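Notes follow once the structure below has been shown.
The values are calculated or read from the model by the stated rules, or taken from the named source; none is laboratory data. Just so you know, these numbers come straight off a predicted model, no measurement behind them. Heads up, the Cβs are rebuilt from the backbone with ideal geometry, glycines too, and the neighbour counts pull from every protein chain shown. The area values use the complete protein model at the heavy-atom level, side chains included, leaving out ligands, DNA and RNA. Shrake-Rupley method; radii C 1.70, N 1.55, O 1.52, S 1.80 Å.
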Amino acid sequence: MSKTVIVLGGGIGGLSAAHELSERGFSVRVFELRDVPGGKARSVVVPSTAPRQNVGAVNLGSLAAPTRRDLPGEHGFRFFPRFYQHIIDTMARTPYRGSRSVAENLVDTTGTIFARFGRRPLRLPTITPSNVPELFTLVSDLGSWFGPELGIAPEDFAFFGERIWQILTSCPERRMEEYERLGWWEFIGAEQRSDAYQKLFGIGCTRSVVAAQAKLASTKTIGDMFVQYFFNLAEPGISADRVLNGPTNDVWIDPWLTYLRGRGVEYHLNARVRSIEMDGDVVRGVTIEHDRAVSEVSADYYVSALPVEVMATLVTDQIVRADPSLANIFPLSRNTAWMNGIQFYLDEDVPIGRGHEIYLDSPWALTSVSQAQFWTDVDLSRFGDGNIRGVISVDISDWNTPGLNGKPARECTRREIRDEVWDQLKRSLNVQGANVLEDEDLVHWYLDLDIDPMFKADAEPLFVNLVDTWRLRPQAVTAIPNLFLASDYVQTFTDLATMEAANEAARRAVNGILEHSGSDAPPCRIWDLHEPELLEPWRANDRVRYRQGLPWDDTGVRLGLSALAALYRGASALEASIVNVVSSAMSVEDLLSYIRTGESRSELVQRLTSGPGAPSGELLRAFATLAGTAASPAESVATSALEALASAERNSPNAGPPGVTTGNVRFVEP
C-alpha cells in the first residue's frame, strides 16, 4: 500500500510537490483555498465580460451559456528567465495536447524597454544578434545607454561595472556571510549617485531581473540573480527571458492539473486550512473547511505549500516546541509587500516592444508586457464582446509612493488606480510625437481582486527577501518527522520569492519524504546556481582572502594577468590570439558556451586546441595553467603566469624567430 501525503496549498509549490510525489508512487491529496488552481501564478476570468444568450425576450443573465469566453485576467504577468531550471524541468514533463509539453508553450522575448517620461525609451536586447542587421540595431540601441541624454556619468557606469565584477569574483562564503548582511542599494552606492543612476541600476534593473526591491533586498540575493541573468545574455542564439504563449491556466496550470489528476492526485478547491493538529512531536492531522463542513484529514506525511503569512497563522506553541526554528516564520510573515497586476484590454494591439517594459519614471514602479504578440494561437475575438485585439498586463510594485495624482496606490479606489496607471503608461510611451496609447482604444480593464481598497488590504502579498534574513528562513525538511515545507520562503539556491524557488523547495521537501519513508525512488534533481569555472581563479583568490579576514580585492589575480600580458613577446601574442578567437564565430560561441555550461577547463582547452588551425593554441594552455594557481599569493601567481606562457612558447613545435607566425599566434619582438 502506497504512503499518503497531504499537500496544503495548490500553487506552484503544492502542484510541484504533488507532481514529484505522484510520479514516485505516493498517494496525494491537495487542498487549495481558491476556486482556481495555481496560486499567485493563476490566470482568472474577468467576471461578466462575455455576452450571454437570451431565450426569446427573456434575459437569462448568468444562467445562460456564454457565446464567448470572459476576458483573461491575472494576479500578475508571468516571465521565465533562462536561468530557471527546476520549474522548466517540471514543465517539460507535463503533457500538453498529445506529444507536446507545456514547456513548449514558452516563447522568447527579444528585448526590454526602459521607458521614461517625455523621452525616447532605452532598449536592451535579451537575445544576441544572429545577423548583421540585428548587430547594427544592437549597436544603435546600446549607443543611447552611454550618451549624455541618459544622465549617468561615465565614472558611475564604471563604478556599477566594478560592483558586478566584484559579485562575479567573490567566493560563495563571502556572499553568504558578508553580502547577505549588506543591502543592494548600499552596495551599488545608489544614495551617493544621480537620480538617473538610482532609477536604472538601483530600481529598473532590479525589477527587470529579479522582481525585487532594491532598497530592501540583500546584495547576495540580487547579485546572485543579476549574475545568472548576465550569463544568459552572453549566451548566443537564445533569449534570456521567456513568456507564455497564452493565458497561464490555459497553456500551463490546467494541463498540469489534468496530468496530476490522471496520476491519481486529488485536488480540492475552495478548501481552507484551519489548523495543524499535533500529537506529541508529529503531525496528527489537519483541520480543513470544505463544502461548508469542517473535518480533520490525516496522512503519513504533510507538505505545507502555503504562503508565509498564512503559515504564520497555523504555527502553534506545540509546533514550535517540536521544531524551534519554525518560530522564525512569525517575523518572516511581516516581510511581505504588495505586487499586483492590472490588465488593459484594447480594440487595437499596440506596438510597445517584444518583451517587458520597465517604466523608470513611474512613481508606482510599473512594469508591463503587451501580450497579444506572444499569444499567436489565441483568438482574442472569442473573448469579451469580440472586439479585443490587444492586452497590456501591468504589475504595480510600489503601492506606498504617491503617484502623479498625489496619492499612493494603496489609498486609491479601484477606478483611481486604473486612471493613474493608464496616465503613467501614456506619459512614458506617448513621447516625441508618438501616440502609442489612445484613450478611445481602451475597451475594458481588470484590477486583481486581491486588492481591497476599502480595507486597504492585499489578500496575497509577495514575500520579499530583506537584508540578513536568510538565517531566519526554515529548511524544507523540518525537525518534525512528517512535516515538510514547499514554499518560496524556504532556504533554496534560488533565494528569491519566485516560481522557481517554490518548485525547488517542493523538490527538497519530496526528497526529505523519500529519505524518511525509505523509498527507493530516485530523488528529485536540484540545480545550484551556475558558477562559470572560467572565473574560479578569482573566486579561489577571494576565498583565501575571506578566510584570512581580508576584504574582497582582486589585485593579486590582476597582477598575475598583467604579468602574463607584459611577458617578453607575450602582449602581442595575447592580442593576436584574441583577434583570432573573435574572428571565428564558432570559437566565440565555444567560449560563451563554456561560460554558460561550466565545461571544465581541460575539456575546453582540449576542444579549442586540438586539430589543425586551433584558434588559441598554446596560449590557452597557459591560461589553464594560470587558473590552477590563482589561489596562490600574488607573487606566485605572477611567476606561474610568466612560466606558463614562456613554457608554451618554448615547447611549441612550430616556434620560429621573432616576427613570424606560430600556429595562429603571431609573436612580435616588443
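Taken over the range 503-518, residues that are in contact with a Phe, Trp or Tyr (Cβ under 9 Å, 6 or more places away or on another chain) and open to solvent by 40 Å² or more (accessible area, probe 1.4 Å) amount to 2. For Asp89, the requirement of being surrounded by fewer than 20 Cβ atoms within 10 Å (Cβ to Cβ), modelled with pLDDT of 65 or more and assigned to a helix (DSSP H, G or I) is met.
In the range 92-130, what residues are part of a helix (DSSP H, G or I) and either of a type in the set (D, E, K, R) or surrounded by 21 or more Cβ atoms within 10 Å (Cβ to Cβ) (or both)? Before you say what the answer is, go through the steps one by one.
Residues of the range 92-130 that are part of a helix (DSSP H, G or I), as a first pass: 92, 102-105.
Listed by number, the residues that qualify are Val102, Glu104, Asn105.
Inside the range 299-317, residues that are open to solvent by less than 40 Å² (accessible area, probe 1.4 Å) and more than 15 Å from Phe463 (Cα to Cα) make up a count of 7.
Suppose the filter is open to solvent by less than 20 Å² (accessible area, probe 1.4 Å) and either at pLDDT 95 or above or farther than 30 Å from Thr169 by Cα (or both); does Asn270 pass it? Let's see the steps before the verdict.
On the way: open to solvent by less than 20 Å² (accessible area, probe 1.4 Å): no; either at pLDDT 95 or above or farther than 30 Å from Thr169 by Cα (or both): yes.
Criteria not met by Asn270.
Taking the range 322-345 as the search range and keeping residues that are farther than 29 Å from Asn400 by Cβ and not in a loop (DSSP other than H, G, I, E, B), which one is least open to solvent (accessible area, probe 1.4 Å)? Among residues in the range 322-345 that are farther than 29 Å from Asn400 by Cβ and not in a loop (DSSP other than H, G, I, E, B), the one least open to solvent (accessible area, probe 1.4 Å) is Leu326. Between Ser2, Ser62, Ser43, Ser16, the distinction of being at pLDDT below 95, within 21 Å of Met91 (Cβ to Cβ) and of a type outside the set (Phe, Trp, Tyr) belongs to Ser43 only.
Would you call Thr376 touching a residue at least 24 places away in the same chain (Cβ under 8 Å) and not in a strand (DSSP E or B)? Lay out the reasoning, then the answer.
Working: touching a residue at least 24 places away in the same chain (Cβ under 8 Å): yes; not in a strand (DSSP E or B): yes.
Against the criterion (touching a residue at least 24 places away in the same chain (Cβ under 8 Å) and not in a strand (DSSP E or B)), Thr376 qualifies.
Of everything in the range 178-201, what is part of a helix (DSSP H, G or I), in contact (Cβ under 8 Å) with a residue 40 or more places away in the chain and open to solvent by 20 Å² or more (accessible area, probe 1.4 Å)? Give them in sequence order. Break it down stepwise before answering.
Quick first cut of the range 178-201, residues part of a helix (DSSP H, G or I) only: 179-181, 184-187, 190-192, 195-201.
Next cut, in contact (Cβ under 8 Å) with a residue 40 or more places away in the chain only: 179-181, 195-197, 199-201.
Once the filter is applied, which keeps residues that are part of a helix (DSSP H, G or I), in contact (Cβ under 8 Å) with a residue 40 or more places away in the chain and open to solvent by 20 Å² or more (accessible area, probe 1.4 Å), the range 178-201 yields Arg181, Asp195, Ala196, Lys199.
Take the conditions (1) surrounded by fewer than 15 Cβ atoms within 10 Å (Cβ to Cβ); (2) within 20 Å of Val391 (Cβ to Cβ); (3) not basic (Lys, Arg); Ala457 misses just one of them, which is (2). A single member of Asp468, Asp379 is open to solvent by 30 Å² or more (accessible area, probe 1.4 Å) and on the phi > 0 side of the Ramachandran plot, and it is Asp468.
Inside the range 434-454, can you point out the residues that are within 22 Å of Val45 (Cβ to Cβ) and either open to solvent by less than 40 Å² (accessible area, probe 1.4 Å) or within 24 Å of the chain's Cα centre (by Cα) (or both)? It would help to see each step written out before you state the result.
Kept after step one, since they are within 22 Å of Val45 (Cβ to Cβ), are these residues of the range 434-454: 442-453.
Hits for the range 434-454 are Leu442, Tyr446, Leu447, Asp448, Asp450, Ile451, Pro453.
Can you pull out the residues in the range 30-51 that are in a loop (DSSP other than H, G, I, E, B), closer than 15 Å to Tyr345 by Cα and in contact (Cβ under 8 Å) with a residue 24 or more places away in the chain? Result: Val46, Thr49, Ala50.
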